[in-house]
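Laboratory data are not the source of any read-out in this text; all were calculated from the coordinates shown. Model, not experiment: these values are computed from the prediction. Glycine gets a Cβ as well: all are built from the backbone with ideal geometry, and neighbour counts include every protein chain shown.
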Amino acid sequence: MWQACSSKIVTNEARMNILPYLNVDSQKVYLITKLNNMRLLISFLFIALSFQSFAKETETILTGRNAHEEIPGTELIRYKSFSTVPAFIRFRADQTISFTEWEEWMTQRYFKTSEGFSFQFLRSEEDELGMIHYRYQQAKDGFPLEFGVWLVHTKNGQVISMNGEMFDEVPSFKPSVSEEAALNLAMASVGADSYKWQIEAEEAHLKLEQNDPEATYFPTGELVIVNRDPSLSEVDLSLAWKFNIYAAQPLSRQEVFVNATAGTIDFRNDLIHHADSDGVANTGYSGSQNIVADYTGTQFRLRETGRGNGIETYTMNNGTNYGGSSDYTDNDNVWNATGNDQYGTDAHWGAEMTYDYFYNKHSRNSIDDAGFKLLSYCSYGNNFNNAFWDGQRMTYGDGGAPFQVIDVVGHEISHGLTSNTADLVYSYESGALNESFSDIFGAAVEFDALGFANGDWLMGEDRGSAIRSLSNPNSYGDPDTYLGTNWFAGAGDNGGVHTNSGVQNYWFYLLTVGGTGTNDIGDNYSVTALGIDDAEAIAFRNLTIYLTTNSQYSDARFYAIQSAQDLYGACTQEVESTTNAWYAVGVGAEYVATVDADFLADDTEDCALPFTVNFSNLSSNSDTYAWTFGDGGSSTAAQPSHTYTAAGTYTVVLQSSSSCGTDTKTETSYITVGPSVPCDYIMVNGGQGTTQEGCLGYLFDNGGPDGSYLAGSDSWVTIAPCGASSVTINFDEFVLEADANCQYDYLEVYDGASINATLLGSYCGTTSSSLNYPPASLTSTGPAITVRLVADNGLEYSGFKISWECEEGNTPPVPAFEAAITESCDGMISFANESSNCPDNMIWRFGDGTTSTLENPTHEYDSNGTYNVTLVVSNSNGTDSLIKQAYIDINRPTMPAGANVEICPEESATLYAMPTAAGETRWYDDPSGTTPIHVGDSFTTPVISYSTPYYVETVVEGATANVGPADNTFGGGAYFQFNQSLIFDVFSESILKTVKVFAEGAGNRTIDLRDENGGVIQSATVNLPDGESVVTLNFNLPVGTDMSIGINANSAVDLYRNNEGVAYPYTISGVVSITRSSANQAGGLNHYYYFYDWEVGEADCISARHEIAASTGVCTGIDEIAAAMVDVYPNPNNGQFMISWGELNVQTIDVLNVQGQMINSISSTGNSVETSLPAGVYMVRLNLDNSSIIKKVIVQ
């Protein structure tokens, strides 16, 4: 449409960026007060009337931790005040839900108790990013809710985000007014003299136009639930008959909603929106243009079928009935009509150009993406001074001057795009957005059709005078600032839909060409231009993907930023300009590129070791992470788990980074583990439980804290804190079946570490007055006490809660330790603390100047040599130490050498490593990273903006051998479905590199490496083809006995195993021996499960890492062209070579060795020099005025 409005109160705080994931502290919640509007879809080109009072609605934005705590797994949530169901949900990238699960997820969370609730599928579409967007309508008892629309945004089958408006409480309705009675009431409310279905020619024309003999204008009623206030600021739902009534005289088309119980008119929605053979048309406004027309055999017509389902243009011959329209015709397909007929070719060419724009720029096949036929009707009425879209076709009047100018044609057709996507209500702010999007795409069509240099930012100017300006809305009486000068706050013009469209129009203009200034509310702004293509892409995505029927200006800003982030990434120039352009027009805050680091742990304390903590990363705008866990451990994973192996209190730090910046979150004394934390222990259901070694804790019966103890059980547990001299138990709660002899249910306490120790007592009863009720407390005479619960199959009661505490002994610790290996060629040594008498502090000294306070540390030695190792242990009773002389022998390959390379910002560098030992050269972007970014002697960096270090090492692969049957042909067997394992011993640390398997059916299998207790050491999920395949595992095998390899309990199996011809053991002497299987028969010796032809290797020898940096400096035009001017030849050479540098101003020339040390300086007079060097690898550095160029030279 042509001429947008609502009133809105915005405080300074409300103007802050409502996308806190981009630029606002995620701990804050911002409320934005906004005034909504009624839903009226009539949009005449210049003047439209509506009357609606304003009402307030608030919205709430949650990000980061707040979002995660509200809905686990989310990073951004937006609420509107009318409903407790969020209006927007965005999941964290690693916690998305499957598309097959979203409906159940929504229903269980928000509509679990809502009888008759359902989602009705409307349509879906795929965008240029490969995302598929599904649109649904809320329904109750099968009745659709008119304003309840929900969009689900997916990629690769996972839900990325969802948005829309959902009513949280919908009552049940039953109609009492018939469809016929409701139609009579609807027609009476319209009050037309005649209707389209009453005119025979109009009915006949519709059937022909739609190619449907059943097509009719006669309105059929649909029962829907409608909210009387479409702004949703107040919820007032009713069941209504919905009719589409097209009046011929006076002209109107509207949806009328008749209350199905009271018979009142609850809402009305005007639907009229104002606003093949190659030929040549001499158009009225756009000069000579190529068009496509069809040929009947005698004449050419303005019809074509090549674009979508067709484009057709007709004249109404100044009539008002479409049945009286006729074709424009021409004899030779060179159209030279005069008068108003000349402008029929403008409408036809404009429709073709509009189709081409949406198809070529946005991959959309007409306005509905399904080839919607574009029908244009010209010369409507006598001197009709308007143009409009009625939901099926464009109609143009001739009043003043014909309306078929290119931007008006694009404008009107774009109303059809809006109707088929966001379907924005045509009143107040949503109507202003509706009108603005038509202006935006009307201008875009003009720029596309004529070329950007030949288009302009005026709407309809070719008619003689423009209606609006996108570049200067004030010049036509429209606002360029939200609530600023010319903002229309009344009810006229459907709440100012034409006037207030200037705000988004000016946003689009600034987004395209940029600009600086001060807006009407005193904000100074600066917007960097994106150009027309990016600006169009952001606006199009906003309209077609995110906005809904009732969207307001705050929604347009929110989803425009989201659209820019979808298309170009967070913290890009596109996101910055999109945000700043909205700030420039008074909507939201100025762009600030921020990272918000935040995290939570699933548990923060435990009494027992080891203690594994799972961390939830809640950071915003970041993609790189550096964690330190306070015990020397670290990680770069997004969502890490960390196992604490030593008692203590630990501070956890997360540094989150991206192109947006860096932020650090520190949780001081966050994790506590060890005897200072009381243990909670629930007894097992039968048999002996895990010995409790903590000095403090709580013991519960086998029914847990809240249940009754279990019938028919006999369970016991020993409490034996390390270093304790005695243990006291306190009976905080005690209710067991009462009996004079405690012969049914009873608790026994033993003075020692087993049920064979001295019995301290047997107890039962429900109150302290019961016989055999326990005393308040009992204390052992030694360091342990054992508690036993026996229950028969009769009555069960609430059981007991026992707290315990220990009296610490007075014995100092005795140090002892062992290393897993004492000789290493990769520098990694694991130490095991075997000290006695419960040390609670320890200090390791590794002999290379480094220390650790971990209980069982793993240490990397950088340099070769022989090292002494010392362990100092202490507790409250004393300190002692143990030193092992010449204990560790390190023989690593010599680390590679290489020199830093200087480049200009926004360039890539080629870095060279000079291996000094045979092996593989691996590059890393982190000094402790585990995954190489490149393998090879040279590495070309990505384009970098600032100096960046890289790290290079040499890896000499260990020798390998094979063990186990080569395949499955040695005896009988079959495919097997159950979880069995191979059991083996490891005599020296090694690597299980590959195994051979035979699968029945392709698919994923998860393979586990387990220790002697069944604990998983390593795991790998692999996708197997059907049949034979070799699987790469690279499992690190520690020294140990009765280790096993098998399929995870939650994984499919379907692998081959042999049950004949098995000949254990299969052995590599001194390395590994496969001893048996886990089968029960014959001690596991008759079966061989799943994993054949093991390839086992010695541990790789790995050098220390050498840092090589790509250094950026201030550059003055020295770029790739300058570097290309430098030549070293011949290269490689036998000692004599030339260096030339053309016209470059070389100050000095340095020769560096592979360690980066300067060994020579060469004269740089002239533009070349000849020199000689002994055999070796060198870097020649040519120093210019403000930069340098480095070339590698090889002398053989």
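Based only on Cα atoms, what mean projected area does the convex hull of the stretch 809-850 have, in nm²?
So the Cα hull casts an average projection of 3.6 nm².
Expressed in whole Å with the largest first, what are the equivalent ellipsoid semi-axes of the stretch 599-673 derived from the C-alpha gyration tensor as the square root of 5 times each eigenvalue?
Largest first, the stretch 599-673 gives 23, 10, 10 Å.
Checking the a/c ratio against 1.5 first, then a/b against b/c, what shape does the Cα gyration tensor give for the stretch 125-226?
Oblate, since a/c reaches 1.5 and b/c is not below a/b.
Once you sort the root eigenvalues of the Cα gyration tensor of the stretch 951-995 as a ≥ b ≥ c, which label holds: rounded (a/c under 1.5), prolate (a/b larger than b/c) or oblate (the other case)?
It comes out prolate by the Cα gyration axes.
Restricting the calculation to Cα positions, tell me the Rg (one decimal) and the Dmax (whole number) of the stretch 45-186 in Å.
Rg then Dmax for the stretch 45-186, in Å: 18.1, 56.
Return Ile991, Ile1045 ranked ascending by Cβ neighbour count within 10 Å, so the fewest neighbours appear first.
Fewest-to-most ranking of Ile991, Ile1045: Ile991, Ile1045.
Name the aspartates and glutamates eligible as straight-distance cross-link partners of Lys242: C-alpha to C-alpha under 13 Å, and not fewer than 8 places from it in the same chain.
Glu146, Glu179, Glu180, Glu222, Glu255, Asp266, Asp270
Suppose each label sits 7 Å from its Cα in the direction of the beta carbon; what would the Val1030-Asn365 distance come out to in nanometres?
Reported label-point gap for Val1030 and Asn365 is 4.8 nm.
Out of the GluC sites (Glu not before Pro) in the stretch 124-199, which ones are loop residues according to DSSP with at most 13 other C-beta atoms within 10 Å?
Loop-located and lightly packed - Glu128, Glu169.
As I understand it, the dipole of the stretch 873-1026 uses +1 on the Cβ of Lys and Arg and -1 on the Cβ of Asp and Glu, about the Cα centre. Which of Gln977, Ile991, Ile933 lies farthest toward its positive end?
Working it through, the farthest residue towards the positive pole turns out to be Gln977.
With Cβ to Cβ distances under 12 Å as the rule, what net charge do the other residues near Thr636 carry (K, R +1; D, E -1)?
Once all neighbours under 12 Å are counted, the net charge is -3.
With charges only on Cβ, +1 for K and R and -1 for D and E, what is the dipole size of the stretch 960-1099 about its Cα centre, in debye, rounded to 20?
120
Taking the simple approach of a point 7 Å from Cα along Cα-to-Cβ for both Gln120 and Asn841, what is their distance in nm?
Between Gln120 and Asn841, the simple spin-label model gives 7.3 nm.
What list of ³J(HN,Hα) values in whole Hz, one per residue of the stretch 617-626 in order, does the Karplus curve 6.51 cos²θ - 1.76 cosθ + 1.60 (θ = phi - 60°) give from phi, with Gly and Pro shown as x?
Ordered by residue, 3J(HN,Hα) equals 7, 10, 5, 10, 6, 9, 9, 10, 9, 10 Hz.
Given the convex hull over the Cα atoms of the stretch 663-739, what projected area results after averaging over all orientations, in nm²?
The Cα convex hull of the stretch 663-739, projected and averaged over all directions, gives 8.2 nm².
Work through the residues other than Gln249 whose Cβ is under 14 Å from its Cβ and net out their charges, Lys, Arg +1 and Asp, Glu -1.
Value of the local net charge: 0.
What size of dipole, in debye to the nearest 20, comes out for the stretch 883-1040 about its Cα centre when the only charges are +1 on Lys and Arg C-beta atoms and -1 on Asp and Glu C-beta atoms?
340
What is the set of long-range amide H partners of Gly391 at a cut-off below 5 Å, with H atoms built 1.01 Å from backbone N?
For Gly391, whose amide H was placed from the backbone, the distant partners under 5 Å are His273.
In Å³ and rounded to a whole number, note down the convex hull volume per residue for the Cα atoms of the stretch 679-808.
That works out to 85 Å³ per residue.
Given the Cα-Cα distance of Tyr975 and Phe987 and 0.36 nm per residue of separation, how much length would full extension add, in nm?
Extra length available between Tyr975 and Phe987 comes to 1.2 nm.
Among Arg892, Arg468, rank each residue by its count of other Cβ atoms within 10 Å, from fewest to most, as a rough exposure measure.
So the residues, fewest neighbours to most, are Arg892, Arg468.
Please list, ordered by chain and number, the residues whose modelled amide H lies under 5 Å from the amide H of Met828; skip anything fewer than 5 residues away on the same chain.
Placed amide hydrogens put Tyr861 under 5 Å from Met828.
To make sure I understand, if each residue's beta carbon is the centre and we count other beta carbons within 10 Å, what order do Val409, Val1022, Val497 fall in, fewest to most?
Val1022, Val409, Val497
Using only the Cα atoms of the stretch 340-496, build the gyration tensor, take square roots of its eigenvalues as a ≥ b ≥ c, and label the shape rounded, prolate or oblate: rounded if a/c is under 1.5, else prolate if a/b is larger than b/c, else oblate.
Rounded is the answer for the stretch 340-496, as its axis ratio a/c remains below 1.5.
By per-residue mean of other Cβ atoms within 10 Å, what is the highest-first order of 387-394, 319-326?
Highest mean packing first, the order is 387-394, 319-326.
Excluding same-chain residues fewer than 8 positions from Lys112, which aspartates and glutamates have a Cα within less than 18 Å of its Cα?
Glu70, Glu101, Glu103, Glu104, Asp141, Glu165, Asp168, Glu169
At what distance in angstrom do the alpha carbon centres of the stretch 746-786 and the stretch 132-181 lie from each other?
Going from one Cα centre to the other spans 64 Å.
Check Glu808: other-chain or 5+ apart residues with amide H under 5 Å from its amide H, H built from backbone geometry?
So Glu808 has HN proximity to Ser725.
Work out from phi, with θ = phi - 60° and the Karplus expression 6.51 cos²θ - 1.76 cosθ + 1.60, the ³J(HN,Hα) of each residue of the stretch 1094-1105, listed in order in whole Hz, and give x for Gly and Pro.
After applying 6.51 cos²θ - 1.76 cosθ + 1.60, I find 5, 9, 10, x, 5, 4, 5, 8, 10, 6, 5, 9 Hz.
About the Cα centre of the chain, how large is the charge dipole given +1 on each Lys and Arg Cβ and -1 on each Asp and Glu Cβ? Please answer in debye to the nearest 20.
620
Give me the number: length gained by fully extending Asn385 to Thr940, i.e. 0.36 nm times residue separation minus the C-alpha to C-alpha distance, one decimal in nm.
193.2 nm
State the answer as a single residue: which of Pro213, Leu374, Tyr744 lies farthest towards the positive end of the charge dipole of the chain, with beta carbon charges of +1 for Lys and Arg and -1 for Asp and Glu, about the Cα centre.
Leu374
Could you point to the residue in Thr421, Thr516, Ser641 farthest towards the positive end of the chain's charge dipole, with +1 and -1 charges on the Cβ of Lys/Arg and Asp/Glu respectively?
Thr516
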